[in-house]
Structure formats: structure tokens, C-alpha cells
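First comes the structure, then the notes that go with it.
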Amino acid sequence: MVEQVCPGLFVRLESVAETSSLPRKAFKITSQEQIAEIRRLGIRYVICISDKSDRLPIPLEELNQQKDPAVPAPAKKQFKTPVSLELLGLKRETIARNKERRERFVACEKRYEETVSQVVGVLKKAAKPSEEVLWAARGMVATLVDTFLSDMDVVVSLMTNKPREETRNYHALNVTVLSLMLARELGLGKDEMRDLGMGALFHDVGKGRVPIQRFSKGNLTTLNKVVREYYREHPVLGAKIVAAFPDFPPAALDVVLKHHETLDGQGFPSGLSASEIPTLARIVAVANSYDRYCNKKDDAGYATPHEALKAMYGRKGKLDQMLLATFIRSIGVYPPGSIVELSNGLPGMVISSNPRASFRPSVLTHHPDIPRKEALIIDLTIEEDLTIARCLRPEDLPREVLAYLNPVRRANYYVDTMPPP
């Protein structure tokens, strides 16, 4: 409302008359004369661009109390304007750094796209092992390992790009990123992390490679049956493929072969028991399980990130519980992609998490009066008075909120760095 306007606000107007003395449609208010001109033009509402403003608009309750001190303040969670009640208590740092966060996230998405392209190139050529493919894979993994071992804080971010390639490429990168994230928390050394990254990248390389002679009639029923049978053999087929690479790390080959073995001896392909399963394969098993829960191939029965962690925790005897507990601490109790409601009533989607503060991720919030491209990202490590009140499923949101947050059915992850606090 125009009554809330004050010097220091950056505003956008729907239209400006040619005879107006206002500089343009979008500008920072510097004087009471500009406010008077806005009112003279008959404008009742303006859009406030919070991250370009020096201050917040005048709260509605303050205006109401100026008119009549007996008027009670509105309820805490009642939506009024972008920065009246829900956002009034935010620290200035949150407003000031919002644009910077969005720009950094866009840059992270660009790096992610480049890495996905590298994954596609490597996995497509994996059927014909060569030194060139191996070097490309090593280079990509080394970059990720160096990121995780940097002196900066590493956050796992949700990438909102829509997959354009086969889902296996996204799955391979997801599992690699999540495995390295867990390894960093475990304190693994650089060489172990490189071996882990190579094993995670190629862990499903044997999938879909069914010998043509196994198809007798060639119809769809036969195809599905054979593919199901070969699913349990893909670790062996994958291990044969990577073994043909020159100097493929033995520890990474073990990951490809044993990532579906379970501690209770009921896994495959060999039914190994706990002591026979190497740590790197156990790490990939945790990351692989998480991504499979969140990203079902047909979207049927998919789990939210929060539900995926609960389901994994219930698989006692299958996954290494110590590794799982560390994984949960690393990715956060509210992992990227989680739909949540904050304690001030704002709905939002978690877009990044930091192992240093697993309960306090960064949340892209919805507010009906803030344009989506300027949506406020609230870092809960800064806004210490705010908390996550509860997790939601996408279908719990009103249609307009769902469209605003635009949660993706396929959750894709990458890493970004931030200076240490």
C-alpha cells in the first residue's frame, strides 16, 4: 500500500505518466516529494523490491495504531504485505544478501549443467573403455573432491533444471555428490575420496546391458522379464566393464561390484555379510538408497526427502546405521527439496543445507506479494529466531504456492562453497 512507502525503498510502479517528475517505473525513493508525487498520480499499490531497498516499508500495524492507538496489531501469521508482519523481523543481512545468494545459486546451476554434460559423455562411452574416458572421469571426480576438501563451507544445493538426458546420468551424479558429502564428514583422505567418486560415478554402468541372445521372442513381456532378471546381475556386468579400463582403481571396482550387498547378507550379487562389505561400497549404498527413494523412475510412490530419510532409518540390518546417521547429519534433517512451513507461517522449499547446521538450511520462501523471480531466500543460520515448524508434501500446498515454489519431482544435487563463518 502506498501509505507504507518511505524514503530508502526501491519500488516498481505499474505505470508513470509522461508529465510525472518521477525518474522511471522502478527506482529508489529518496525524498518525501517523490512519495507525494506517487500519491498525486492516484497510485494505491506499489511493488517493493526488498533486496534493493535500504529499509523495510512502514508496517501496517504501525499505521493503524497511528490512526487509532486502540486498534490491536494483526495476528502474527496473517499475511498483509511483503514486509509487514512475516518479514518485518528479518535481519537486514537477509535482505541485503538475497540478490547475492540468487546470483551464486545461478552460477552453481551453470557449473552443474557443465558437470552433467561431462557425466553424459563419460557414461555413453563407457561401453568402449579407453584412457580418454578414464581421464575425463578422473578429472570430473577430482574437481568434486577438491571442492569438498576446500577450506570453504560446502553446501549441497538442489538443482532445479529439468533433466534432458537419461535419468541414469542424473542418478550417477547425485550418488557421486551425496557419497562424497558423506565421505567428507567421515574424514576420508583425498585418495579414498577419489576412489569413492569413481566407484559412485560408475556404480550402475552395468545396468541395461542385457545380451541380445537372452531375448527369445522379442516381445515386451519377455523384455521386462529379462531386464528384471538382469537387474541383480548389473553389479557383476558393471565390474567387468570398469575392469577393462586401464588402471581403474581396485577400490572403485569394489564399489561397482558390491554397492547392493547388505549387512544382513541378503543383498546381491554375492550375499556378502557385514565384515565382507568395504566401507566405500557401504557409503555408496546409503547415497544410492536415498536417491532411489526420492527419484522413483515413474514418479509413482516417490518419497519426499524427509520421508526418504525416515524410510532408510527403518531399514535396519540393510544399511550401515553409523553411516546413515552421519549422512542425515550431513544432508540435514530437512534436505534440499523439502517443502516446509517456517515458524512465521511462510511456506517454502529448502534449496541448500550445510552439515555445520543440519537443522537450519536455506529456504526459498513464498509470499503472495513478492514476485517469484525476487523470492526471498531465508538462511536460518542468520535468522536464528525462525525455525522450521513442519514438513509438507507438495500436494498439501495451494496451487498458486506450488507453482511459485515449483518443486521438482526429480531431485538433483550439486555442491557450492561459501566462506566459513
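Figures for the structure shown
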{"item": "Val286 crowded, with 19+ Cβ neighbours inside 10 Å, assigned by TED's automatic domain parsing to the domain that holds Asn174 and at pLDDT 90 or above", "result": "yes"}
{"item": "Residue list for segment 98-140, restricted to those being without any contact (Cβ under 8 Å) to a residue 12 or more places away in the chain and charged (D, E, K, R)", "result": "Glu100, Glu103, Lys110, Glu114, Lys124, Lys125, Lys128, Glu132"}
{"item": "Those strands (runs of 3 or more DSSP E) lying entirely in segment 300-406 with at least 3 residues touching a strand residue (DSSP E or B) at 6+ places or on another chain (Cβ under 9 Å) and within 26 Å of Val106 (Cβ to Cβ)", "result": "339-342, 347-353, 362-365, 377-379"}
{"item": "Leading residue by the ranking (modelled with the lowest pLDDT) among those in segment 261-282 that are part of a helix (DSSP H, G or I) and closer than 24 Å to Arg184 by Cβ", "result": "Ala274"}
{"item": "Test: Leu237 is closer than 20 Å to Thr167 by Cα, modelled with pLDDT of 95 or more and hydrophobic (A, V, I, L, M, F, W, C)", "result": "no"}
{"item": "Unmet criterion (only one of (1) under 20 Å from Pro355 (Cα atoms); (2) touching a residue at least 24 places away in the same chain (Cβ under 8 Å); (3) part of a helix (DSSP H, G or I)) for Asp146", "result": "(2)"}
{"item": "Close pairs (9 angstrom Cβ cut-off, 6 or more residues apart or separate chains): over 20 Å from Ile277 (Cα atoms) in segment 229-245, of a type in the set (Gly, Ala, Ser) anywhere", "result": "Tyr230/Gly206; Tyr230/Gly208; Ile241/Ala126; Ile241/Ala127; Ile241/Gly206; Phe245/Ala126; Phe245/Ser130; Phe245/Ala137"}
{"item": "Subset of segment 306-341 [buried (at least 19 other Cβ atoms within 10 Å of the Cβ), closer than 27 Å to Lys258 by Cβ and at pLDDT below 90]", "result": "none"}
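Residue by residue, here is whether (1) more than 15 Å from the chain's Cα centre (by Cα); (2) in the same structural domain as Thr279 (by TED's automatic domain parsing); (3) not acidic (Asp, Glu) holds:
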{"residue": "Asp291", "(1), (2), (3)": "no, yes, no"}
{"residue": "Asn295", "(1), (2), (3)": "no, yes, yes"}
{"residue": "Thr304", "(1), (2), (3)": "no, yes, yes"}
{"residue": "Ala308", "(1), (2), (3)": "no, yes, yes"}
{"residue": "Tyr313", "(1), (2), (3)": "yes, yes, yes"}
{"residue": "Leu319", "(1), (2), (3)": "yes, yes, yes"}
{"residue": "Ala325", "(1), (2), (3)": "yes, yes, yes"}
{"residue": "Gly345", "(1), (2), (3)": "yes, no, yes"}
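Listed here are the residues, each with its yes/no results for (1) surrounded by 14 or more Cβ atoms within 10 Å (Cβ to Cβ); (2) in contact with a helix residue (DSSP H, G or I) (Cβ under 7 Å, 6 or more places away or on another chain); (3) under 24 Å from Asn98 (Cα atoms); (4) at pLDDT 80 or above.
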{"position": "Val16", "(1), (2), (3), (4)": "yes, no, no, no"}
{"position": "Glu33", "(1), (2), (3), (4)": "no, no, no, yes"}
{"position": "Ala36", "(1), (2), (3), (4)": "no, no, no, yes"}
{"position": "Leu41", "(1), (2), (3), (4)": "yes, no, no, yes"}
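The values are calculated or read from the model by the stated rules, or taken from the named source; none is laboratory data. The model shown is predicted, which means the values in this text are computed figures rather than measured ones. Neighbour counts run over all protein chains shown; Cβ positions are idealised from the backbone, glycine included.
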